[in-house]
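In what follows, a single structure is set out as C-alpha cells and then discussed.
Where a number appears in this text, it was derived from the coordinates with a stated rule and is not lab data. Just so you know, these numbers come straight off a predicted model, no measurement behind them. Here the Cβ positions follow ideal geometry from the backbone for every residue, glycine too, while neighbour counts run over all protein chains shown.
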Amino acid sequence: MINRGASESFVSKQWHWLVAAGAFALVAGALVFYISSVDKNPDEEAASTLRRLDTIRAKTKTGVKALDMQPYTRAVKNFVSPQKLTEVDDQRGSYLVSAARVYCELCQKPIVPGSDICSFCGKEQPKVVAAPSDTDNDGMTDDYEKKHSLNPNLDDRDLDLDGDGFSNYEEFLAKTDPSGKLSHPDYLDSLRLESPLRETVLPFYFEKVLPIPGGKYRFYFRDPSKKGAYGQKGLEYKVLQDQEIGKTGFIVKSYEKKSERRTIKGGNKMEREIDISETTIERIADKRIIVLRVGEKKKPVDVQAKLVYDRRGIKEFIVVPGDIINLNGAKYRIKAVKRASKEAIVELEDVLTKEVKTLKTLET
C-alpha cells in the first residue's frame, strides 16, 4: 500500500521527466498527421469536404416548405370569372332535366310549348301573350306609367301624384287615373260602421194640456233632469201652440185628443178611460216632426251612428240623418240610420253624383 505522502514525494521529485515525455508525445503526433496528409489526393479531400458540408446543411434545415401559390391562383380566377351552369335547352332537355312541356287544351297530353297545333289531336292552341313589361319592378306596367305621367324607371308605387289620398299603386289596381284628383278609388271603401247604434232622446216629456179661452190650448212639458220652481222635481215648460219649448230647440205644432178604455189590473175585468192624447213638435234645426204621447218619457229623437274612416290616419264621425261628412274633399250626406233585424244600417249619398251606398254591420 502506497500512502499519500509517498505519492507526492515521487511527483515532486520526477516532474521534469514527466514534462519532457509529454512534449515528445505531441511532436510525434504532429509528425504522423503531417505524413498522412501529404499522402491524400486533393480532389478526394475537396469531395470529402463538400460531403461534410451537405451533411451539416441537412442537419440545420428548419422544416418549412415553400408556399404553394396554386390554390390562391385558382381562388382568384373563380372569383373574377365564376363557373356557370349550362342553361338547359327547353326543347331538348338534358340527362338530369326533362324537356319543357305544356298540356293540350283538348286532349290534355304534353306538347312542346309554343306549338300552334297539338301533335296528338290536331287542335289549334291559344296564342301565348307575353307579360307586360315593368322596368322598375314596382308592380305597375310601363304602359300604365307612361300613360299617366309616372316614371317607368323609378319605383313610385307608394307616391301620390295627384294628392287625392290614394297611392299610385292603389290607383293602378283600381284602374283609376293617378294624375287626376277626381279619378280615384271609392273613399267609402275605407269607411266602416261600428255597432251598436246610439240613440238620443228628448230631455223632456209631454205632461198634459189644458184648454184656454179662444179655443186654444196651453201645453205642459217637464224636464225631470232639472229642478223647477220651489224645489219641485223637474223643470216645467208652459207654452202655447207655435211657441218654443223653453230653449230646447223644439216648437209645439198641434194637438190631438185621444183616449181608450183599458182593463184595470185586479179589478175583476173593470175598465177605465185612459188619456192617450198626442202632440206634434218640430225641431227647429231640420224641421223634423216628432209625435209625443202624453206621459211618454225618453222619446227617441235620433239614432246615431259611429263611422270610422281608416285612411292615412283614423278619423271618426258621429252622425244622424241629414249630416254631411267630408272625406278628402268628397262630401257625403247621411240619408238614413236605422236597424233592420240584427243589423245596423247607414245610407250615404254622394253629394256630387247622387249615388247612394249602404254600410252595414251586425249589432252587438
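Below, the figures for the structure above:
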quantity: Pairs beyond 30 Å (Cα-Cα), from Lys265/Lys342; Lys247/Lys306; Lys175/Lys354; calculated: Lys265/Lys342
quantity: Per-peptide average of other Cβ atoms within 10 Å, ordering 245-251, 112-118 highest first; calculated: 245-251, 112-118
quantity: The range 115-184, relative contact order in percent, only Cα pairs under 8 angstrom and at least six apart counted; calculated: 19 percent
quantity: Sorted by Cβ density within 10 Å, fewest first, the residues Thr141, Thr73, Thr176; calculated: Thr73, Thr141, Thr176
quantity: Charge dipole (debye, nearest 20) of the range 115-184; +1 at Cβ of Lys and Arg, -1 at Cβ of Asp and Glu; calculated: 460 debye
quantity: Extreme residue, positive dipole direction of the range 204-297, given options Tyr217, Met270, Ile289 (C-beta unit charges); calculated: Met270
quantity: Cα gyration tensor shape of the range 204-297, rounded if a/c is under 1.5, else prolate or oblate by comparing a/b with b/c; calculated: prolate
quantity: Peptide ranges 328-334, 206-212 listed from the most packed, as the mean C-beta count within 10 angstrom indicates; calculated: 328-334, 206-212
quantity: The range 137-274, relative contact order in percent, only Cα pairs under 8 angstrom and at least six apart counted; calculated: 10 percent
quantity: Cross-link pairs beyond the 29 Å C-alpha cut-off, checked among Lys147/Lys315; Lys146/Lys331; Lys331/Lys360; Lys238/Lys299; Lys258/Lys298; Lys226/Lys253; calculated: Lys147/Lys315; Lys146/Lys331
quantity: Cα centroid separation - the range 244-297 against the range 144-193, whole Å; calculated: 56 Å
quantity: Gyration tensor over alpha-carbon atoms, the range 115-184, equivalent ellipsoid semi-axes in Å; calculated: 36, 13, 8
quantity: GluC sites (Glu not before Pro) within the range 293-364, DSSP loop, no more than 15 other Cβ atoms inside 10 Å; calculated: Glu296, Glu355, Glu363
